[in-house]
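Below is one structure, written out as structure tokens; comments come after it.
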Amino acid sequence: MDRKFSKALQSTTTLARGGAAAPADEHPVPSERRAFAEGVVVAGRYRVERFIARGGMGEVYAAEDLSLHEPVALKTIRPELAVTPETLLRFKRELRLARRVTHANVCRMFDIGEHTVEAGEGSTPSRTLFLTMELLSGQTLHEQLVRHGRLPPEQVLRLAEQMAAALDAAHAAQIIHRDFKSGNVMLVPLSSMPGGVRAVVTDFGLARGDFIEGDGSASRDGHLVGSPAYMSPEQAEGRPLSPASDLYSFGVVLFEMVTGRRPFVADTPMATALLRLRQSPPSPRELVPELAPAWEGVLLRCLQRRPDARFASASEAVAMLRGAEPTPSSLSPALVSARRRSRTRPASPSFAPHPSKSPPPSPSMETPLVPHPVARRVVAVLAPRNLMARAESAWLSTALAELLSAELAVGEQLRLLSGEGVAQMRGDLSLPDEEGFAAGTLRRMRAHSGVDLVLTGGFLVQGREETARVRLNLRLQEATTGETLAHVTEMGAERELLELVSRVGSSLRKRLGLEPLTTEQAHGVRSAMPARPEVARHYAEGLAALRGHDAATAVERFERVVEQEPAFAPAHSALAAAFQYLYQEEAAKESARRAFELAGSLSREERLLVSARHHEAQAEWTQAIEAYRTLFEFFPDNVEYGTALVYARVSAGQNREAQATLESLRRFPAPLGEDARIDLVAAVATSATADFISSRRHAEAAVNRARRVGQGQLAASALIVGAYAVRNLGEPLRAVGLLEESERLFLAGGDRGGAARSMLVRAMALIDTGRLHEAERVFVSAIQAARDIRGGSLEAEALVCAGGLSCRLGELTQALQRARGAVELFRARGRLSDMNGGTVLMGSVRRLRGELDEARRLLEEGSHAAQVIFEDGYIEAWGRYELGWLMIDLGELAQARQQLERALALRRARGLGAFVAETELGLAHLFLEEGRPEAALAVAESALAAHAALRSQDREGLSYTVKARALIALGDGPGARQAMERARTLAGHSEDVFISAEVQLTGALLVGGAGGLSEREAEARQLQALAERAARDGMKRVELEARLLRAELVREVAGVEVAGELQSIRHEANRLGYRGLVWRASALAPPADSSRT
């Protein structure tokens, strides 16, 4: 809440004392007896603005945090409660605990401080201990019940969901409230949703002005803590407390809301507390006969005397209530009418939730007491046309659009389509550069972006430099009818551009029925552009470049702006977006952080958005979720904020909450609820839970909706998500087709970065199909595309992926070059975690080249850094997998098992099915080395089934080779031959040189055990060719394996001498460290030869 809004509320509503009850002060305290007078600056930071109330703990004031320029509640602590240093330490410790509870339905605790007033000589200074916390407006639930009586069950349920979410969040942080009651629940009006409220639970850890140590129910002086009317039986008896104690109090509050009275009432507070130890609570249905039976069951279970007989959590109780339908007689006429309207509104057949599958609404997402958000009119401000087409004046087009948007956005009565949104609409619909549009074009714009009003125009610059004057003509049109609502023409000096826009904006606001700007608001509009014209030009040119997908030019312009006007927050925010477009995450983080630090002068919406993006860039998901949730609460008609909230929750692993937010978005009326972005984020959210069938369905819906209204760029993004889903469903060919279409759409919209990303994913899908050489060509194109847009980070990502492909193609020198290139690019951009992936790739290449010592160093370094420094399970699993194979090569089988099992656990935890199967094959090889063919066969069968389900022929064929080796070891020749037939059919002609080599080597092993002389000779010739090819390409393990198998095949052929060859193999394998090959070659050598080694 900004300062102006909080001040306006003070005249009409009560401000909460840190979110707790704030009734009118029945016994006003004379100002001279209060701790602080109005205007006093407390502890050098908080300026007292007004006295609110006095409570059991101390006094409460509304204050302004002079450091952050935000309103806070300041609560003093009575001196007798904080008389010792130990008490102060205890307060601080409890505050730290309470601050762990960060939730929309919990009053936020900020800080604890001490205010000192120096006394005269010989006197001790006076000290006042105080807490600061979130300042809330509204009334308490207790006041609501006193004034209006019991609530209808439907309204109770909506509030109960929010209260339960608050208690669950506290219990998850191991905090017990101990004094949960209706007086500690604030009902905060939602300014943007008439009639809507947010329930906020207050006073965590502060009940009755005392903190609780451990889990006891008494304070240090032995007095019970809590309100007798609400406390649990164990609390009344002074026994240890648990979250179940809060569940009992929650039940009392629900009972009070439904019936209008509390379950136990006696003459004195202590008698009330003790009554629950002797009597059972009354039946709620005796007090409210029309109450549904399910409600009575839930309330009475909450009020069970034994803690273990209550619900496990508050949300579990609410889930039970959610299934109970309130009777019509218990609903207000307005709510009955709303319910009937919602039932008669047709649901989309594609997205109507299945009654048995739809998740319950999220308790962490407030449910308003109105059916839907009130949508504001949406305005699209198109950059005015440069009528003279003079290049030196082109920047004015973007600058005018920015200033006009800022002018119309003031007051939050209109919703402005963002500059990025306008640019995307222009590109998707191929809008002409005109001063007004035909009715049909306007209707297309409305279908595309939901706009109600379109502002277009042109400008003419007359004269040059100091004498230049600007003539601005604007036209405001209604998108539905095409009607022109206003024509505005103004003229002014170019150097007085702000004044010109102010006059035009004032005229437009008047014609739109908006209030004129105050002096402070006008100053805010001016801050939308840099003050100096030459700097404003750089900023406008940067915005135009970024919206035209030329992020490299945008970075150059924005860097000039922040150098010349370092305190201009929007430039730092735009610079972060440009860096993000170029995948330069570290630079983006730094720019986002700087924007966040400078955001105090921005409007409320801009400030919140900068904050959300800053926390998002830093991967601080709790804070990002809070910022996006607040934006969505203030501006519920902005689908972008709702979808951003879903993305943040998915990133934080809050999948249930993400689904609940999605449900709230889908319930929006048309056109808000039909936005393709909702389907797109649903596809992302379901993909995060590995529900690829649902993800595919949502992605298809997003593509269809986006195409219907001409949103080509959005459709292209949805196609990438859909391709990822179908890849995981074993349809890589279909994924390739989707990605080709995605690339085409991105290029049509001028987004070469998006096209390069589509190419990368397409190349990976081509690898799945076994079309490796085609994938190589696509990678080369993607790398070049990244270079063309100067996207160094994107180029580095492409190099890592392409390096892995080079390995499969046997191009190990090229693989190493690509890995080194990626490492250098990542290092230069500060992306150390991704650079570590390049390190693992280099280790993998070194292993394949037989450079085992260097491979071990790189892989151990990369795996350790991924685990300890970067906490990157994906890269760690990759490194551990490669280390497992390396340890097999070195003959260190115990170490190999440890590494492969760690890799398998990490990959299973992330649901990486193909990589799980790959790791299982590694374990199968290990079992064969250990002499455990039965275990190898079982694991190989598991991997085989997985690869078959993924329709990966190469990998399925590889799995058959491992199965064949296990069957050979078990003496099952026919079974081994059958497995090898399948392996040759599936992977005999694989473009992956290591897979084709494995098929050939395993076939030779089978012939060596049961083949005739001619078969052995033919196989030996093929092994010779394989060994020579492997030697040429630097594949040392394959070379030595082929030579060793060939020696085994021909050693019994008359006239063929193999002793020298075996000695050469032993020598080379020993030099490189292939212990297993050394042992096998030694076992084949004749005894005499063996004695000489």
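Using Cα-Cα distances under 8 Å and only pairs 6 or more residues apart, what relative contact order does the chain have, in percent?
Details: 1931 pairs, mean separation 58.9, N = 1093.
So the answer I get is 5 percent.
For a quick protection proxy, order the peptides 959-970, 895-906, 503-514 by their average other-Cβ count within 10 Å, most packed first. Could you put the intermediate results ahead of the total?
Numbers: 959-970: 24.8, 895-906: 20.5, 503-514: 16.7.
Order by mean packing, descending: 959-970, 895-906, 503-514.
Give me R1071, R239 ranked fewest to most by other Cβ atoms within 10 Å of their Cβ, as a rough exposure proxy.
Numbers: R1071 10, R239 16.
Listing R1071, R239 from fewest to most nearby Cβ atoms yields R1071, R239.
Report the label-to-label distance for S126 and H523 in nanometres (one decimal), using points 7 Å from each Cα along the Cα→Cβ vector.
Going from the S126 label point to the H523 one covers 3.5 nm.
Hey, rough spin-label estimate for E420 and Q564, points 7 angstrom out along Cα→Cβ, what's it come to in nanometres?
Calculated label separation equals 2.5 nm.
What aspartates and glutamates does K75 reach when the alpha-carbon gap must be under 16 Å and sequence neighbours fewer than 8 apart in one chain are set aside?
D25, E38, E49, E59, E64, D65, E94, D111, E114, E134, D203, D210
First select every other residue whose beta carbon is under 14 angstrom from the beta carbon of L500; then total the charges, Lys and Arg +1, Asp and Glu -1.
Details: positive: R469, R471, R495, R503, R526; negative: E402, E407, E490, E494, E496, E499.
So the environment of L500 carries a net charge of -1.
By its C-alpha gyration tensor, with a ≥ b ≥ c as the square roots of the eigenvalues, how is region 938-1038 shaped: rounded for a/c under 1.5, else prolate for a/b larger than b/c, else oblate? Mind showing how you got there, number by number?
Numbers: a/c = 2.11, a/b = 1.19, b/c = 1.78.
Oblate, since a/c reaches 1.5 and b/c is not below a/b.
Work out the FRET efficiency for D308 and A37 from their Cβ-Cβ distance, taking R0 = 56 Å, and round it to the nearest 0.05.
Working: r = 52 Å, r/R0 = 0.93.
Computed FRET efficiency for D308 and A37 comes out at 0.60.
Out of (1) 61, 41, 29; (2) 72, 53, 25; (3) 58, 45, 36, which label holds the value of semi-axes √(5λ) of the Cα gyration tensor in Å that was computed here?
The listed entry that was calculated here is (1).
Please work out the FRET efficiency for the pair R932 and R977, using the Cβ-Cβ distance as r and a Förster radius of 25 Å; give the result to the nearest 0.05.
Between R932 and R977 the formula returns 0.65.
Rounded to the nearest 10 degrees, what's the angle between the helix 752-769 long axis and the longest principal axis of the chain, both from Cα atoms, 0 to 90?
For helix 752-769, the angle is close to 40 degrees.
Rg to Rh for region 622-730: what is it, with Cα atoms only and Rh by Kirkwood? Write down the numbers at each step before the final one.
Details: Rg = 13.3 Å, Rh = 13.7 Å.
Ratio of gyration radius to Kirkwood radius for region 622-730: 0.97.
At E860 and Q174, where each label point lies 7 Å from the Cα along Cα→Cβ, what is the point-to-point distance in nanometres?
3.6
Using a/c under 1.5 as the rounded threshold, could you call region 375-528 rounded, prolate or oblate? The axes a ≥ b ≥ c are square roots of the C-alpha gyration tensor eigenvalues, and prolate needs a/b larger than b/c, oblate otherwise. Present the calculation step by step, with values, prior to reporting the outcome.
Working: a/c = 1.80, a/b = 1.21, b/c = 1.49.
Oblate is the answer for region 375-528, as a/c is 1.5 or above yet b/c matches or exceeds a/b.
For a Förster distance of 60 Å, can you work out the FRET efficiency between the beta-carbons of S507 and E286, rounded to the nearest 0.05? Show your work: numbers first, answer last.
Details: r = 66 Å, r/R0 = 1.10.
Taking R0 as 60 Å, the efficiency between S507 and E286 is 0.35.
Per-residue ellipticity at 222 nm for the chain, helices alone: DSSP H runs ≥ 4 residues times -39500 (n - 2.57), over residue total, nearest 500 deg cm²/dmol?
Value at 222 nm, helices only: -18500 deg cm²/dmol.
Nearest 10 degrees is fine. How inclined is helix 893-909 to the longest principal axis of the chain, computing both from alpha carbons?
40
Mind checking which of L944, A877, L1084 is farthest towards the positive end of the chain's charge dipole, using Cβ charges of +1 (Lys, Arg) and -1 (Asp, Glu) about the Cα centre?
Ranked along the dipole, the leading option is L944.
Could you please report the charge total around G260, scoring K, R as +1 and D, E as -1 over all other residues with beta-carbon less than 12 angstrom from its beta-carbon?
Working: positive: R147, R150, R261, R262; negative: E256.
The answer is +3.
Any idea what angle helix 639-651 forms with the longest principal axis of the chain, computed on alpha-carbon atoms, 0 to 90 degrees, nearest 10?
50
Can you check what the net charge comes to around A905, using other residues whose Cβ is under 13 Å from the Cβ of A905 (Lys, Arg +1; Asp, Glu -1)? Don't jump to the answer; show the numbers that get you there.
Working: positive: R880, R897, R902, R907, R908, R910; negative: E876, E901, E920.
Charge balance in the 13 Å sphere: +3.
Which order do peptides 599-612, 636-649 fall in by mean Cβ count within 10 Å, highest first? List each step's numbers first, then the result.
On the way: 599-612: 19.8, 636-649: 23.9.
Answer by packing, highest mean first, reads 636-649, 599-612.
Which of H864, H549 has the fewest other C-beta atoms within 10 Å, and how do the rest follow up to the most? Provide the component values of the computation, followed by the final result.
Working: H864 13, H549 20.
Exposure proxy ranking, most exposed first: H864, H549.
Under 13 Å from the Cα of K963, which aspartates and glutamates turn up, not counting those fewer than eight places away in the same chain?
E920, E934, E941, D972, E981, E998
Pulled fully out, how much extra length does the chain show between R787 and R47, if you take 0.36 nm times their separation in residues and subtract their Cα-Cα distance?
On the way: separation 740, 0.36 × 740 = 266.40 nm, distance 5.39 nm.
Roughly 261.0 nm would be gained on extension.
Laboratory data are not the source of any read-out in this text; all were calculated from the coordinates shown. Computed from a predicted structure; not experimentally measured. Cβ: placed from backbone, ideal geometry, glycine included. Neighbour counts: every protein chain shown.
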